[in-house]
Number of protein chains: 4
Amino acid sequence: MIKSFASDNWAGVCPEVMRALIDANQGHSPAYGADPHTSEAKQEFKKLFGQKAEVFFVYNGTAANIISLASNSRSFNSIICSAHAHINVDECGAGEKFAGTKLLDLPNTDGKLTTEMILPHVKADRYPHQSVPGIISITQATELGTLYTVSEIEAIADLAHKYNLILHVDGARIANAAVALNCSMKEMITDTGVDILSFGGTKNGMMFGESVVFLKPELAELFELFRKQGMQLASKMRFISAQFTALLKDNVWEKNAKHANEKAQYLGSKLAGIQEIKISQKIETNGIWAIIPKSLAEKMQNTQFFYPWDESKDEYRIMCSFDTTRDEIDQFIDTILS
Amino acid sequence: MIKSFASDNWAGVCPEVMRALIDANQGHSPAYGADPHTSEAKQEFKKLFGQKAEVFFVYNGTAANIISLASNSRSFNSIICSAHAHINVDECGAGEKFAGTKLLDLPNTDGKLTTEMILPHVKADRYPHQSVPGIISITQATELGTLYTVSEIEAIADLAHKYNLILHVDGARIANAAVALNCSMKEMITDTGVDILSFGGTKNGMMFGESVVFLKPELAELFELFRKQGMQLASKMRFISAQFTALLKDNVWEKNAKHANEKAQYLGSKLAGIQEIKISQKIETNGIWAIIPKSLAEKMQNTQFFYPWDESKDEYRIMCSFDTTRDEIDQFIDTILS
Amino acid sequence: MIKSFASDNWAGVCPEVMRALIDANQGHSPAYGADPHTSEAKQEFKKLFGQKAEVFFVYNGTAANIISLASNSRSFNSIICSAHAHINVDECGAGEKFAGTKLLDLPNTDGKLTTEMILPHVKADRYPHQSVPGIISITQATELGTLYTVSEIEAIADLAHKYNLILHVDGARIANAAVALNCSMKEMITDTGVDILSFGGTKNGMMFGESVVFLKPELAELFELFRKQGMQLASKMRFISAQFTALLKDNVWEKNAKHANEKAQYLGSKLAGIQEIKISQKIETNGIWAIIPKSLAEKMQNTQFFYPWDESKDEYRIMCSFDTTRDEIDQFIDTILS
Amino acid sequence: MIKSFASDNWAGVCPEVMRALIDANQGHSPAYGADPHTSEAKQEFKKLFGQKAEVFFVYNGTAANIISLASNSRSFNSIICSAHAHINVDECGAGEKFAGTKLLDLPNTDGKLTTEMILPHVKADRYPHQSVPGIISITQATELGTLYTVSEIEAIADLAHKYNLILHVDGARIANAAVALNCSMKEMITDTGVDILSFGGTKNGMMFGESVVFLKPELAELFELFRKQGMQLASKMRFISAQFTALLKDNVWEKNAKHANEKAQYLGSKLAGIQEIKISQKIETNGIWAIIPKSLAEKMQNTQFFYPWDESKDEYRIMCSFDTTRDEIDQFIDTILS
């Protein structure tokens, strides 16, 4: 299959990760994470987020989000999130089912929550009739490709903690965010006061596997039990761990994210120059949202497939990944212009 | 790390599977299973189980079991299983949590249920006070390494269907069972009337991934929704599918299982010859259960680690895998005798 | 305690119901609903809703709503409701916990959904990523005291059925609605195509107990099992049933509802004449929503307590019940004017 | 309907309770437990169990058990109980569904657990694979009418606390137990170290309503939220509370329980004298378990109905209640002998 702009999870595995998988396949290794590869990967995470960070691996992003939320809430809690949040619209109710909690989804236009939006919801009315807010979950980069600044994250963390709430970040594309903001993971996450981060691996070039980074170790206490009960304890875990080490060790995660972001900028600038196309969200990471007349969109999709986002507005999403090339973009643009 | 007799999931990935992973890493491929590798793997399963078989992939065995059970039961149901069943004692209550059902676990000495054991439990007393039996789940090979014969499976299937119950088989080591029984998957599973099979890949040489085989297509209708809600929909699914194709295409699954079973026979025969050691379960597949004096066991574990099974009886479990060698066994035995 | 305008559930039990409780307390009666009082009450419901109606009793309104919804949905479903719906904001996440479903709550200003609001949500996008709409739940009378007309209910039922959805009506105050619309239960519910009705008893003068009326008997099949598992099977059920018979037999439900509605009209007309007070919702049943300056409201609350509704707007809710008297209202108004 | 020996929940309401319901029906009272009747009832419980006891009311015994267990466990926990426990066999999986926990049910012949039975199960093997024991739940009087002595309860409490487990007592018939043991509630429950008690009201002469008594106040912290989410918050709660006050105030609970127990002794002694009948459990409270030839049993059931208990053994259960009379028993015996 030729490449596409459908999603960064249509891409395969980056070479460094594939190399690591081959190398990890030596002899026997204790199952369920009691192996040296897992210890090594955890150390790499500590280098990135600080020594207090506790890290666990799961198979995918849905699990990273839901199990970290479930292990830090009770069923009577609510979880405050964006109406666009992946946990709200793309996990088929996994949160409601596994955590038993209510998702309190707030409307917004760019995928971002502000402290003003959140404030009216931080306390439950009418105890014990209303679900009790327990966690704020934001996505960085958002489901609309936009970014929270470091100080915006800090402000939300402060609000959360003022009301004894936990701040969770869905970081399925956290690498793209860090590169775009030109800051370290520690500055963006640890130092702002984020409590729990779902750190994405798959969309950054891994075959499978995501991690949960607890910045406050006490929040990690029940995670292993919920991970097992949540069907997400990998027996041959070394093969997740080795991938993460490959991404983290020589900043491969940065290289991959930077590549994807730059290609989105390049493609975005080309698309912006086409009169019939209207860019509809700020291009801050590796995705482009654009209003495209249906007939033109179909022509483009026939060259390189991408998804409609909001059909009522003729809005589409075009994603770049770690392996998108400038040539593919040029060829794509040529099709449009031809 | 040197090899061990701890578990077949301490082993790595067999060469054919690793080759397939490398080969599958070409360009982009639709996510979530809409890719050619997944279609191909499903065809391989149909060859093995018959054209009616519907197959889905998940990350691990817990999920294969729990999601297939949950998507074919309601929370008021009970699931009849062996007290030794993995779903009963090794999944941290995943069934109770995700399906909401009661596990009706029946005591036994060899991991096997009989129709006599099951019969008193097939109907609920005192509607609506008691959970309503919905599914019988057996494990093949069992958690104690023993086997159901083809006709035993058939008898349980007949009983199940007589009372409108579904028969599920946890086949984490189904390959070892088929090889040991010297029958085809179709003879053991499809033709006996099994309704749903969790088909194990990881313990047979895969890196990750298990499949659920629905022999009655109508039982598969809700699986995809429960899989997604159960956090088990792999985005880069081609990398599970390609592994299964590698196992199934040239009967690699048979080769791997046969190897592990033979090594267990070889090791078992050696251990049986040692006076202080008493083999405690029939050696039918790739595991050996044995009563070993603690001091001897410790000496053995220092050579090649293996797990205690029931400490109250000094019973241990010793597992062979697709990569266990005759040399390793000889060396292990030498240690004991030295 | 003196009476109040706090809620119709601050009222006690109407005389006919208390009489029925005393009368039902004769000798022994089979438990769990297999008693003659329960049969009799079910017959009374059939007279009201038609012979096909299947009726079950539970303890309270939360259970009537949640158990009827749960027994007719799967966890991957979503339930479309008003953002103001009791199931959304006043049941502490009981729906999410017990049914495992997502509540898809739609914003509105008067407590009512329209077909236009519902239409964009009747089908799931991106199978299997998004929760699949299964049920539309509306409240009659709404949580803001407003009413759906008979033809509005019919339009929503038609829309529901066109998309294979079930229409549920939360009728905690269904009696007040029927009286206000001057139509029979059959015209409002059975003939419009409603599938399931939670029929309120407590707010209409009962001590405890609500019923679920299934207008399509096939939707009732699993209710008894879910009711038991949902902890809502009353052992001495005759004492719920006898209350319902008392309400239904001589149209006591109409008398009680009419009384409460009339008192709300009377009180509303008085309040509307006071310059500082602004009625904020149409007074259609037994509640009044009004904007009242805080100091005046406090003075009023000291006479007869009532609840703030939306403190950000100085909006209050004032409820009448089956036992509110004209004297109490006059006295309340005198306080305001004094 | 004439009376029966079917169950103490076929009986109606004792006069003191009915009187209290009538008396409580005066004017308005705050909903959801913020009323004076509820405060009064809670004080009565404190007199019985000590000032530290925190008490909450629910509708029925299933809820008293399940919500107290759920609010003091996490889904990865297991709850150790008797195989005969009501929570295990008579609540249609409510525990598994609402708490998400595994029930670890231990076989026994008389409904009672011993510390010897419990000890092997107090710790989880193989973290995080096995559910983690969190609570021990025993029933007093048991589902077979037998009793734990005060020192047996104390021994189980000590074991529980040694392993950081909570001891819950299902006291659906706790009144019958206290009377039979001739001890105070405080001696049997508070002083032995029980942590949580489900205190039964319905089988002791109430119309509906059970209570949960937390002997350690810190275990009560989340109960109100779980009760609301568990659909068990009564709006007109005064009508549960007033019943409990009626039972507790003048020791009506003792009178009712003593009456039922004495009648069981009387009936038991008569039955024991009939050659064809074999009493099969010790008669310690208000129930009799007996082996009766089927033809004789049918004749007896036609006079006064009672339930088969274990049809494989021709075992039946015959229950007395607070309103069983000596005349009814004599007449019943006459039938047998005629």
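The values are calculated or read from the model by the stated rules, or taken from the named source; none is laboratory data. In this text the structure is predicted, and so the values were computed from the model without any measurement. Using ideal geometry, Cβ is built from the backbone for each residue, glycine included, and neighbour counts are taken over all protein chains shown. All accessible areas refer to the heavy atoms of the entire protein, side chains included, with ligands and DNA or RNA removed. Shrake-Rupley method; radii C 1.70, N 1.55, O 1.52, S 1.80 Å.
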Query raised in the report: Which ones in the stretch B:190-237 are away from every other protein chain (no Cβ under 12 Å) and over 15 Å from the mean Cα position of the chain (by Cα)?
Result: B:Thr190, B:Asp191, B:Thr192, B:Gly193, B:Asp195, B:Phe214, B:Leu215, B:Lys216, B:Pro217, B:Glu218, B:Leu219, B:Ala220
Report task. Report yes if some residue within the stretch B:42-59 is open to solvent by less than 50 Å² (accessible area, probe 1.4 Å), within 7 Å of another protein chain (Cβ to nearest Cβ) and at negative phi; otherwise report no. Result -> yes
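Taking strands (runs of 3 or more DSSP E) that do not extend beyond the stretch C:30-121, which have at least 2 residues that are more than 19 Å from the chain's Cα centre (by Cα)?
C:77-82, C:102-106
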Query raised in the report: Can you tell me which residue in the stretch B:163-186 is surrounded by the most Cβ atoms within 10 Å (Cβ to Cβ), limited to those that are assigned to a helix (DSSP H, G or I) and among the aliphatic types (A, V, I, L, M)?
Result: B:Ala175
Requested in this report: Go through the residues of the stretch A:71-82 one by one and say whether even a single one is more than 9 Å from every other protein chain (Cβ to nearest Cβ) and open to solvent by 20 Å² or more (accessible area, probe 1.4 Å).
Outcome: yes
Query raised in the report: Is it the case that A:Ala246 is crowded, with 24+ Cβ neighbours inside 10 Å and either at pLDDT below 95 or not assigned by TED's automatic domain parsing to the domain that holds A:Ala20 (or both)?
Result: no
Report task. Only one of these is touching a residue at least 60 places away in the same chain (Cβ under 8 Å), among the small types (Gly, Ala, Ser) and farther than 25 Å from D:Lys228 by Cβ: A:Gly134, A:Gly200. Name it. Result -> A:Gly200
Query raised in the report: Would you pick out the residues in the stretch B:110-121 that are open to solvent by less than 10 Å² (accessible area, probe 1.4 Å) and in contact with a helix residue (DSSP H, G or I) (Cβ under 9 Å, 6 or more places away or on another chain)?
Result: B:Leu113, B:Ile118
Query - Test set (1) within 14 Å of chain A (Cβ to nearest Cβ); (2) among the charged types (D, E, K, R); (3) open to solvent by less than 50 Å² (accessible area, probe 1.4 Å) - D:Arg126 fails condition number - result: (3)
Report task. Please work out if B:Gly273 is without any contact (Cβ under 8 Å) to a residue 24 or more places away in the chain, surrounded by 17 or more Cβ atoms within 10 Å (Cβ to Cβ) and small (Gly, Ala, Ser). Result -> no
Query raised in the report: Given the conditions (1) farther than 28 Å from C:Ile67 by Cβ; (2) surrounded by 24 or more Cβ atoms within 10 Å (Cβ to Cβ); (3) among the basic types (Lys, Arg), and given that B:Lys102 satisfies all but one, which numbered condition is not satisfied?
Result: (1)
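Give the number of residues within the stretch D:22-34 that are surrounded by 18 or more Cβ atoms within 10 Å (Cβ to Cβ) and more than 7 Å from chain C (Cβ to nearest Cβ). I'd like the intermediate steps shown before the answer.
Applying the first criterion (surrounded by 18 or more Cβ atoms within 10 Å (Cβ to Cβ)) to the stretch D:22-34 yields D:24-25, D:28-33.
Remaining after also requiring more than 7 Å from chain C (Cβ to nearest Cβ): D:24, D:32-33.
Total satisfying the criteria: 3.
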Query raised in the report: Yes or no: A:His37 out of contact with any Leu (no Cβ under 8 Å at 6 or more places or on another chain) and closer than 27 Å to A:Lys186 by Cα?
Result: yes
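Each row is one residue, and each column tells you yes or no for (1) of a type in the set (Gly, Ala, Ser); (2) more than 17 Å from A:Arg126 (Cβ to Cβ); (3) away from every other protein chain (no Cβ under 11 Å).
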| residue | (1), (2), (3) |
| --- | --- |
| C:Asn88 | no, no, no |
| C:Glu91 | no, no, no |
| C:Lys97 | no, yes, no |
| C:Asp110 | no, yes, yes |
| C:Leu113 | no, yes, yes |
| C:His121 | no, yes, yes |
Report summary line: Of the residues in the stretch B:135-146, those that are more than 16 Å from B:Leu167 (Cα to Cα) and more than 14 Å from every other protein chain (Cβ to nearest Cβ) number 3
Requested in this report: Mind listing just one residue for me: the one in the stretch A:148-162 that is surrounded by fewer than 22 Cβ atoms within 10 Å (Cβ to Cβ) and touching a helix residue (DSSP H, G or I) at 6+ places or on another chain (Cβ under 9 Å) and, of those, nearest to D:Met231 (Cα to Cα)?
Outcome: A:Leu159
Report summary line: Residue pairs within 7 Å by beta carbon, gap of at least six or interchain, first lying in the stretch C:35-57 and closer than 16 Å to C:Ile196 by Cβ, second of a type in the set (Phe, Trp, Tyr) and in a strand (DSSP E or B), listed first then second, are C:Ala53/C:Phe214; C:Glu54/C:Phe214
Query raised in the report: Could you say whether any residue in the stretch C:238-247 is within 11 Å of another protein chain (Cβ to nearest Cβ) and either in contact with a Pro (Cβ under 9 Å, 6 or more places away or on another chain) or charged (D, E, K, R) (or both)?
Result: yes
Query raised in the report: In the stretch C:287-334, which strands (runs of 3 or more DSSP E) lie fully inside it and hold 1 or more residues that are more than 29 Å from A:His121 (Cβ to Cβ) and either within 11 Å of another protein chain (Cβ to nearest Cβ) or at pLDDT below 95 (or both)?
Result: none
Report summary line: Counting only residues that are without any contact (Cβ under 8 Å) to a residue 60 or more places away in the chain and either touching a Gly at 6+ places or on another chain (Cβ under 8 Å) or surrounded by fewer than 21 Cβ atoms within 10 Å (Cβ to Cβ) (or both), the stretch D:284-296 contains a total of 5
**Report entry** Extreme residue, farthest from the chain's Cα centre (by Cα), among residues of the stretch C:1-19 that are more than 7 Å from chain D (Cβ to nearest Cβ) and open to solvent by 20 Å² or more (accessible area, probe 1.4 Å)
**Finding:** C:Arg19
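Please go through the stretch B:217-240 and give me each residue that is more than 21 Å from C:Arg126 (Cβ to Cβ) and in contact with a strand residue (DSSP E or B) (Cβ under 8 Å, 6 or more places away or on another chain), ordered by number.
B:Pro217, B:Leu219
Yes/no matrix, rows are residues, columns are (1) within 30 Å of D:Ile333 (Cβ to Cβ); (2) among the small types (Gly, Ala, Ser):
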position	(1), (2)
D:Ser4	yes, yes
D:Ile22	no, no
D:Gln26	no, no
D:Gly50	no, yes
D:Gly61	no, yes
Query raised in the report: Which residue out of B:Val132, B:Val150, B:Val169 is within 14 Å of chain D (Cβ to nearest Cβ) and among the hydrophobic types (A, V, I, L, M, F, W, C)?
Result: B:Val132
